[in-house]
Every structure is written in structure tokens, then in C-alpha cells.
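Okay, so here's the structure we're looking at.
What follows draws every value from the coordinates through simple rules; no lab data is involved. The shown structure was predicted, so the numbers you read here are calculated from the model rather than taken from an experiment. Because the Cβ atoms are built from the backbone with ideal geometry, glycine has one as well, and the counts that use them run over all protein chains shown.
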Amino acid sequence: MENFAGINLTYQSFRCYNDSGSFTTSSTYGKNLDHILDSLPHKVSENGGFFKAIGGQDSNKAYAIGMCRGDLTKDGCYSCVSSSVNDLRVKCPHWKEAVSLAVLRPCIVHYANRPFFGNLEVEPTDAAHNKESIKSDVLTKFEMAWEGLVVKMMNNTSNGSSKLKYATEEAKFTESQTIYALMQCTPDLSQENCWSCLERAKETHNDCCRAKQAGFVQKPNCYFFWDLHPFYALGLDTTAALSPAHTFTKGKYG
């Protein structure tokens, strides 16, 4: 059980690739990985919130990316990536590949012993939602607003630049209720691959979390969040990835 910003979470803040093999910290791969992870927070924050790093040669080569959520400041980005790197070192000290979740901290760190930059990778998937469903008397209005919002966000995100593929949207479905949503792809993805990743994330949402008031879906290349309360900022530092008003239930994909 993790606790962050008042949210009780029933899933973990990282995902290991169990078939990737293991390494020792004194190995050549371990040293190469340490070298690129040490510099990753600085590199990501100084390069607009995204950076790809490679260290070593041949079979001992290590690859890593760091990506900050689009509404983080440079300082917030540095702090987030640094904390995520530390988490992965503690919780996945010997796995050759691992990825952090953007749900606890608004950034992603992914490293591996294989080249993965630009690849569309749709697994592993994590998804969770809070316990509250949209009330039945406004469900039709919610779903109509949801469909328009999601398509618009997918377009805006996938049409982003090679440095940032990020979008937020709001859609009112009653006089007093608004959907707030955020999508982001790693910007090394092509427009087509970003769209495909978000499409798969939307399918996961439909299977596990449809008509829930808040939640998230994350794949290695993309993620999205939604809530009935504001949870993101434009150009402002933020440390909360989700509204503190909710408790989230682990989805079947987590």
C-alpha cells in the first residue's frame, strides 16, 4: 500500500519486466546504468522535460528515458525524475528493465538493456479508478462529453512536437460537473504510434474503468488521467498527480 497526497493506492509505483533478466551493481551493465541514471534528472529538466540516454557498448549498453508531465517547471521536473530514479533503484535494484508510474509522481523513468526509443510498446499496462461511478441520471450526458473530449485530446497529443506530446481538456456534462483529463505520450513516438498507444489506453479504460469519476491508465509510452476535480496546472509546478479526494481501486491491468 502506497500513500501519496492523501490517496490510498493499492498498486505499486513501478513496473518490472520480469523476463528482462537481472544484474549486479558491480557488473559493467550496472555501472553503465548508474552512470546514465545519475545524470538523467539534470538532462531531462534542462531539455524541456524529455531526454534519451545511452551508456556503454555492445551487450552491456544501457538505455533510459525520462519524461516530465507537461505542466511541470524545470525545478519540479528535476525533483520528480530524481525521486523516481531513487525509487527504481530501491525497489528494482537488480532488474535490467523497469518503468516508473506517473500516478504517484508526474514523470516517467524507463530504463532497459535493449534499444526501445521510438518503439510502440503497449505492455505492461497499469490502470486504476476510484470507487465512485457517474450517477445514472447523468450517465448519458457524461458519456457524450467523454467521447468528444477523448478524441480531441488524442488528436492534440499525437500532433505534438518531437519535444512534447501533451494535452489537457475539460468538458462540462452538467451545470456543476466538469470532466478534467490529461494525456501524454513520450515524444520519441511518431504521430501514428502516439495515437495507437492512446487508442489502446482508451480500450483499457473501457474494459476496466468506464463511467468512473476518476482514474488513470498507463502504458510504457503513454498515459492518461481523468477526474471530476482539477488536478493539473498550466505552467505551474505541481506534485499531485491526482485529486487527493479519491481512493483508487487497483484495476485488473495493474
Checklist entry - Past the 31 Å Cα-Cα mark, which pairs from Lys131/Lys219; Lys96/Lys165; Lys61/Lys165; Lys61/Lys202? => result Lys61/Lys202
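Need the full-extension length gain, Asp38 to Phe117, defined as separation in residues times 0.36 nm minus the C-alpha distance. One decimal, nm.
On the way: separation 79, 0.36 × 79 = 28.44 nm, distance 1.93 nm.
This chain segment gains 26.5 nm when fully extended.
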Next on the checklist: Order 223-233, 141-151, 177-187 from most to least packed using the mean count of other Cβ atoms within 10 Å.
Outcome noted: 177-187, 223-233, 141-151
Checklist entry - How high is the FRET efficiency from Thr28 to Glu147, r the C-beta distance, R0 41 Å, rounded to 0.05? => result 0.20
Next on the checklist: With every atom except the alpha carbons ignored, what do you get for Rg and Dmax of the stretch 126-250, in angstroms?
Outcome noted: 13.9, 42
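Under unit Cβ charges (Lys, Arg +1; Asp, Glu -1), what dipole magnitude, rounded to 20 debye, does the stretch 126-250 have relative to its Cα centre? All intermediate terms of the calculation are to be shown ahead of the outcome.
Numbers: 13 positive and 15 negative charges, 25 e Å.
With only Lys, Arg, Asp and Glu charged at Cβ, the dipole is about 120 debye.
Here is the link list: Lys31/Lys91; Lys91/Lys212; Lys152/Lys212. Which ones come out longer than 24 Å on Cα distance? Before the final figure, lay out each step's value.
On the way: Lys31/Lys91 18 Å; Lys91/Lys212 30 Å; Lys152/Lys212 20 Å.
Long pairs (Cα-Cα over 24 Å): Lys91/Lys212.
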Checklist entry - In bins 10 Å wide, starting from 0, what share of all Cα pairs of the stretch 11-112 does each bin hold, as a percent? => result 17, 51, 27, 4
Item to check | Theoretical gain in end-to-end length, Ser176 to Asn47 [0.36 nm per residue, Cα-Cα removed] | outcome: 42.5 nm
